[in-house]
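Q: Please see the structure below; I have some questions.
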Amino acid sequence: MIRNFINGRFEDCTAREVIPVENPATGEVISQVPDSPDDALEQAVQAAQQAQPAWGRRPAIERANLLRGVSAGIRRRKAEIARILSEEQGKVPALAEVEVAFTADYIDYMAEWARRIEGEIVTSDRPNENIFLFRAPIGVVAGILPWNFPFILIARKMAPALVTGNTIVIKPSEETPVNANAFAEIVAQSGLPAGVFNLVYGRGPTVGHALASHPAIGMISMTGSVESGIKVMEAAARNVTKVNLELGGKAPALVLADADLDLAVRAIWNSRVINAGQVCNCAERIYVDRRVAAEFTDKMVRAMQGTRYGDPLREPDLDMGPLINARQLAKVEALVSGAVSEGAELLTGGRRAARERGYFYEPTVLAGVRQHMQIVRREVFGPVAPIISFDDLDEAIAWANDSEYGLTSSIYTRSIDVAMRAANEIRFGETYINRENFEAMQGFHAGWRKSGIGGADGKHGLYEYTQTHVVYLQYRAGNASR
Ligand code: NAD
C-alpha cells in the first residue's frame with residue numbers, strides 16, 4: 001500500500017478504508033492507497049507548521065536551488081513516471097511524457113522567480129516616513145488535486161508555494177496516487193528539508209475536508225469540480241481561510257464562416273480527444289456559423305472517426321486512452337443519450353467502445369444541439385463534440401457567455417476585427433484565437449464565474465501564495481553624524 005510522506009519520511013497509517021487503484025484501460029487493480037486517519041493529517045500539518053519559519057527565512061534563491069534538485073530528479077525518472085501516468089490515469093505515452101517534462105520545466109520556471117519577487121515602496125502622507133509593502137509567505141498551504149493532470153498539478157501547487165517561503169501539505173486524488181508517490185520519492189532524495197513538502201492520501205469528504213477546515217492552514221489551493229470546490233470553500237469559511245480554486249470548464253469554440261476550417265477541425269478534434277476529453281480547458285461546445293456548419297461537421301465527423309484509441313501501454317500510436325473510471329463512463333453515456341432524447345442528432349459514436357475491458361467511449365459528434373440541453377450546460381469530460389449552428393456573431397457570443405462556467409474559450413476566424421470584437425465581448429478567463437486550448441506556464445490560468453477564484457501560473461499565480469505586509473518606518477530627520 002502506498003504510504004503517506006510526512007516530515008521527510010514515508011509513514012504507514014491505519015487506514016479508515018483501503019482504496020483500490022485501477023488501471024482504467026483494463027480495470028485491473030494496480031495499487032492501493034489509504035483513506036488516511038485524522039492523526040496522519042494532523043502530523044503532516046504539524047510538520048509543515050514546524051518547518052515553515054526556518055524555510056521562510058532562507059533566501060529565496062536557496063529555496064529555488066532546492067526546487068531545482070526536484071526538477072532534476074523528475075527528469076532522471078521521466079520514462080518511468082510517464083509509464084505510471086499511462087497505467088493509472090490512461091494517458092497515451094506521448095502526452096504522459098509531455099506532462100512529466102512540463103512538470104520539471106514548471107518547477108524550474110517558478111524557481112527562476114526567486115530573484116524577482118518584488119515588493120513596493122509608496123510615498124507617505126507624513127514627514128520622515130517610508131512605507132514598505134513586503135510580500136510575505138502565507139504559512140502552511142494545502143493542495144487538493146484532481147486526477148486528470150495529477151503530476152503537473154503537484155508542481156503547480158508546490159513550486160510557487162515553496163519558492164515564496166510557504167510549506168505545503170498535498171492531498172492527491174484517490175484515483176491517481178502512484179505518480180504522487182514517485183514525486184515524494186524524488187523529494188526525499190532532493191535535499192528539501194523535512195516537513196516542507198508533505199503528502200497525505202485519502203478521500204475528499206474525509207482527508208480533503210479535514211484539510212480545508214484545518215485552522216492551521218493559511219491557504220487552500222484546490223483543483224477539481226465546481227461541486228467539490230463549493231464544499232472546500234464552505235469548509236474554509238469556518239476559519240476564514242483563503243481559497244484558490246481552479247474548477248471545471250465548459251469552453252465554447254466559435255467557428256466563423258471565414259475560418260480556416262481544417263485548422264479549426266484539427267484544433268477542436270485535438271481538444272476533444274486529448275486525455276480522452278478529460279481536460280478542464282478544452283472545447284466542450286462548438287458554435288459554428290450556419291453557412292459553414294455542414295462542411296465543418298463533415299470534417300469533424302471524419303476526424304473523430306479517425307481517432308486511434310486503445311490501451312496506452314499495449315497498443316502503439318494512439319490518440320486517446322480510456323476514461324478514468326466506470327462513474328465517468330456512465331456520466332458521459334448518460335449525457336449523450338440525454339442529448340439524443342432531447343432531439344440532438346448522433347452522427348458518430350454515442351456508445352461505449354466494443355472492447356472486453358476498460359472504460360472506453362467512442363469519439364462522438366452530435367449535431368442539431370440546442371443551448372438548453374444538458375450536454376451544453378454541464379461539463380461532459382469525455383470525447384464528445386456537440387455542434388450548434390448560429391446565424392450571427394452576436395448570437396454566438398451571447399450563447400458562449402450563457403454558462404455558469406467561465407474558464408476558457410476559443411475563436412476561429414481570419415478577420416482581425418471579428419477576433420478582437422469577440423475576444424473583448426466573450427466573458428472567460430482565457431481566449432485562444434486560431435489555436436488549441438492549452439495554457440502557457442507564464443500566462444495566468446484563472447476561471448471566471450463558477451470556474452474558480454484566483455488563478456495559477458506566471459507572476460500573478462506566484463503572488464497568490466503571498467500576503468502583503470505593510471511596514472511604516474518613521475526616521476529622525478537631520479544629520480545623524482551630529
Ligand atoms: P473532484 O472535484 O471530484 O476531486 C478533486 C479533488 O477534490 C480530489 O482530490 C477529491 O478527493 C477532492 N474532494 C472531493 N470532495 C471534497 C470535499 N468535500 N472536501 C475537500 N476535498 C474534496 O474532481 P476530479 O474528478 O478529481 O477532477 C475533475 C474536475 O477537475 C473537472 O471538473 C475539471 O474541469 C477540474 N479541473 C480543473 C482544472 C483547472 O485548472 N481549472 C484543472 C484540472 C481539472
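The values are calculated or read from the model by the stated rules, or taken from the named source; none is laboratory data. A quick note: this is a predicted structure, and the numbers were derived from the prediction, not measured. All Cβ positions, glycine included, derive from the backbone under ideal geometry; neighbour counts span all protein chains shown. For accessibility, only protein heavy atoms count, side chains too; no ligands or nucleic acids. Shrake-Rupley method; radii C 1.70, N 1.55, O 1.52, S 1.80 Å.
Q: Could you grab me the full set of residues in the stretch 104-132 that are part of a helix (DSSP H, G or I) and either open to solvent by 60 Å² or more (accessible area, probe 1.4 Å) or outside the structural domain of residue 57 (by TED's automatic domain parsing) (or both)? First the steps, then the outcome.
A: Narrowing the stretch 104-132 to residues part of a helix (DSSP H, G or I): 104-116.
Listed by number, the residues that qualify are 105, 112, 115, 116.
Q: Tally time: how many residues in the stretch 29-45 are without any contact (Cβ under 8 Å) to a residue 40 or more places away in the chain and open to solvent by 70 Å² or more (accessible area, probe 1.4 Å)?
A: If we filter the stretch 29-45 for residues that are without any contact (Cβ under 8 Å) to a residue 40 or more places away in the chain, which is where we start, we get 29, 32, 37, 39, 42-43.
Next, from what is left, pick out any that are open to solvent by 70 Å² or more (accessible area, probe 1.4 Å): 29, 32, 39, 42-43.
Residues meeting the conditions: 5.
Q: Name the residue, out of 212, 283, 236, that is touching a Ser or Thr at 6+ places or on another chain (Cβ under 6 Å), within 16 Å of the ligand (Cβ to nearest atom) and open to solvent by less than 10 Å² (accessible area, probe 1.4 Å). Break it down stepwise before answering.
A: On the way: 212 fails: touching a Ser or Thr at 6+ places or on another chain (Cβ under 6 Å); 236 fails: touching a Ser or Thr at 6+ places or on another chain (Cβ under 6 Å).
Sole residue among the options that is touching a Ser or Thr at 6+ places or on another chain (Cβ under 6 Å), within 16 Å of the ligand (Cβ to nearest atom) and open to solvent by less than 10 Å² (accessible area, probe 1.4 Å): 283.
Q: A further question on this structure: Go through the stretch 239-254 and report how many residues are more than 13 Å from the ligand (Cβ to nearest atom), in contact with a strand residue (DSSP E or B) (Cβ under 6 Å, 6 or more places away or on another chain) and over 21 Å from residue 378 (Cα atoms).
A: Quick first cut of the stretch 239-254, residues more than 13 Å from the ligand (Cβ to nearest atom) only: 239-240, 242, 252-254.
Restricting the remaining residues to those that are in contact with a strand residue (DSSP E or B) (Cβ under 6 Å, 6 or more places away or on another chain) gives 242, 252-254.
If we keep only those that are over 21 Å from residue 378 (Cα atoms) as well, we get 242.
So the answer is 1.
Okay, residues lined up against (1) part of a loop (DSSP other than H, G, I, E, B); (2) at negative phi; (3) in contact with a His (Cβ under 9 Å, 6 or more places away or on another chain):
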site: 424; (1), (2), (3): no, yes, no
site: 432; (1), (2), (3): no, yes, no
site: 437; (1), (2), (3): yes, yes, no
site: 442; (1), (2), (3): yes, yes, no
site: 470; (1), (2), (3): no, yes, no
site: 473; (1), (2), (3): no, yes, no
site: 478; (1), (2), (3): yes, no, no
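Q: Taking the residues in the stretch 286-315 that are among the hydrophobic types (A, V, I, L, M, F, W, C) and in contact (Cβ under 8 Å) with a residue 60 or more places away in the chain as candidates, determine which candidate is nearest to the ligand (Cβ to nearest atom). It would help to see each step written out before you state the result.
A: If we filter the stretch 286-315 for residues that are among the hydrophobic types (A, V, I, L, M, F, W, C), which is where we start, we get 286, 288, 292-294, 296, 300-301, 303-304, 313.
If we keep only those that are in contact (Cβ under 8 Å) with a residue 60 or more places away in the chain too, we end up with 286, 288, 293, 296, 300-301, 304, 313.
Details: 286: 18, 288: 23, 293: 27, 296: 25, 300: 22, 301: 26, 304: 21, 313: 22 Å.
Among them, the one singled out is 286.
Q: Right, another one. Determine whether residue 21 is out of contact with any Cys (no Cβ under 7 Å at 6 or more places or on another chain) and buried (at least 17 other Cβ atoms within 10 Å of the Cβ).
A: Working: out of contact with any Cys (no Cβ under 7 Å at 6 or more places or on another chain): yes; buried (at least 17 other Cβ atoms within 10 Å of the Cβ): yes.
It is true that residue 21 is out of contact with any Cys (no Cβ under 7 Å at 6 or more places or on another chain) and buried (at least 17 other Cβ atoms within 10 Å of the Cβ).
Q: Here is a further query. Considering each residue of the stretch 75-95, count those that are among the aliphatic types (A, V, I, L, M) and not in a helix (DSSP H, G or I), and give that number. Break it down stepwise before answering.
A: Within the stretch 75-95, the subset among the aliphatic types (A, V, I, L, M) is 79, 81-82, 84-85, 92, 94-95.
Still in the list and also not in a helix (DSSP H, G or I): 92.
Number of matching residues: 1.
Q: Further question on the same structure: Name the single residue, out of those in the stretch 444-468 being surrounded by fewer than 21 Cβ atoms within 10 Å (Cβ to Cβ) and in a strand (DSSP E or B), that is farthest from the ligand (Cβ to nearest atom).
A: Of everything passing the filter in the stretch 444-468, 468 is farthest from the ligand (Cβ to nearest atom).
Q: Applying the selection to the stretch 316-333, what residues are open to solvent by 30 Å² or more (accessible area, probe 1.4 Å), more than 16 Å from the ligand (Cβ to nearest atom) and within 17 Å of residue 284 (Cβ to Cβ)?
A: 333
Q: Still on this structure: Would a scan of the stretch 271-285 turn up a residue that is over 20 Å from the mean Cα position of the chain (by Cα) and farther than 17 Å from residue 148 by Cβ?
A: No.
Q: Could you list all residues from the stretch 402-422 that are of a type in the set (A, V, I, L, M) and closer than 18 Å to residue 388 by Cα?
A: First, pick out the residues of the stretch 402-422 that are of a type in the set (A, V, I, L, M): 407, 411, 416, 418-420, 422.
Those that are of a type in the set (A, V, I, L, M) and closer than 18 Å to residue 388 by Cα: 411, 422.
Q: Next question, about the same structure. Count, please, the residues in the stretch 182-220 that happen to be among the polar types (S, T, N, Q) and touching a Phe, Trp or Tyr at 6+ places or on another chain (Cβ under 8 Å). Break it down stepwise before answering.
A: Taking the stretch 182-220 as the starting set, the residues that turn out to be among the polar types (S, T, N, Q) are 189-190, 198, 206, 213.
Remaining after also requiring touching a Phe, Trp or Tyr at 6+ places or on another chain (Cβ under 8 Å): 198.
The number of residues fulfilling the criteria is 1.
Q: State which residue pairs qualify: first residue assigned by TED's automatic domain parsing to the domain that holds residue 157 and inside the stretch 449-465, second residue hydroxyl-bearing (Ser, Thr, Tyr) in any location, beta carbons under 7 Å apart, and separation of 6 or more residues or different chains.
A: If the second residue must be hydroxyl-bearing (Ser, Thr, Tyr), the pairs left are 449/405; 450/405; 451/405; 462/164; 465/164.
Q: Residues 101, 79: which one is surrounded by fewer than 20 Cβ atoms within 10 Å (Cβ to Cβ), under 17 Å from residue 457 (Cβ atoms) and small (Gly, Ala, Ser)? Spell out the reasoning first.
A: On the way: 79 fails: under 17 Å from residue 457 (Cβ atoms).
After applying the criteria, what remains is 101.
Q: Return yes when residue 400 is among the hydrophobic types (A, V, I, L, M, F, W, C), in a helix (DSSP H, G or I), touching a residue at least 12 places away in the same chain (Cβ under 8 Å) and under 14 Å from residue 249 (Cα atoms) and no when it is not. If you could, list the steps in order and put the result at the bottom.
A: Details: among the hydrophobic types (A, V, I, L, M, F, W, C): yes; in a helix (DSSP H, G or I): yes; touching a residue at least 12 places away in the same chain (Cβ under 8 Å): yes; under 14 Å from residue 249 (Cα atoms): yes.
When the stated conditions are applied, residue 400 passes them.
Q: Can you name the residue in the stretch 146-199 that is part of a loop (DSSP other than H, G, I, E, B) and in contact with a strand residue (DSSP E or B) (Cβ under 6 Å, 6 or more places away or on another chain) and, of all such residues, is nearest to the ligand (Cβ to nearest atom)? Step through it out loud before you land on a result.
A: Here is the first cut: in the stretch 146-199, the ones part of a loop (DSSP other than H, G, I, E, B) are 146-149, 164-166, 172-177, 191-196.
Still in the list and also in contact with a strand residue (DSSP E or B) (Cβ under 6 Å, 6 or more places away or on another chain): 146, 164-166, 174, 177, 196.
Details: 146: 3, 164: 20, 165: 24, 166: 19, 174: 6, 177: 10, 196: 21 Å.
The qualifying residue nearest to the ligand (Cβ to nearest atom) is 146.
Q: With (1) within 26 Å of the chain's Cα centre (by Cα); (2) away from the ligand (no atom under 16 Å from the Cβ); (3) buried (at least 17 other Cβ atoms within 10 Å of the Cβ) as the list, and residue 409 as the residue in question, which single condition is left unmet?
A: (2)
Q: Which number in (1) away from the ligand (no atom under 16 Å from the Cβ); (2) of a type in the set (A, V, I, L, M, F, W, C); (3) part of a strand (DSSP E or B) marks the one condition that residue 141 misses?
A: The one condition residue 141 does not meet is (1).
Q: Just to be sure I understand, how many residues within the stretch 215-228 are more than 7 Å from the ligand (Cβ to nearest atom) and in contact (Cβ under 8 Å) with a residue 40 or more places away in the chain? Give the steps one after another, and end with the answer.
A: To start, the set of residues in the stretch 215-228 that are more than 7 Å from the ligand (Cβ to nearest atom) comprises 215-221.
Filter once more, so that each one left must be in contact (Cβ under 8 Å) with a residue 40 or more places away in the chain: 216-221.
The total comes to 6.
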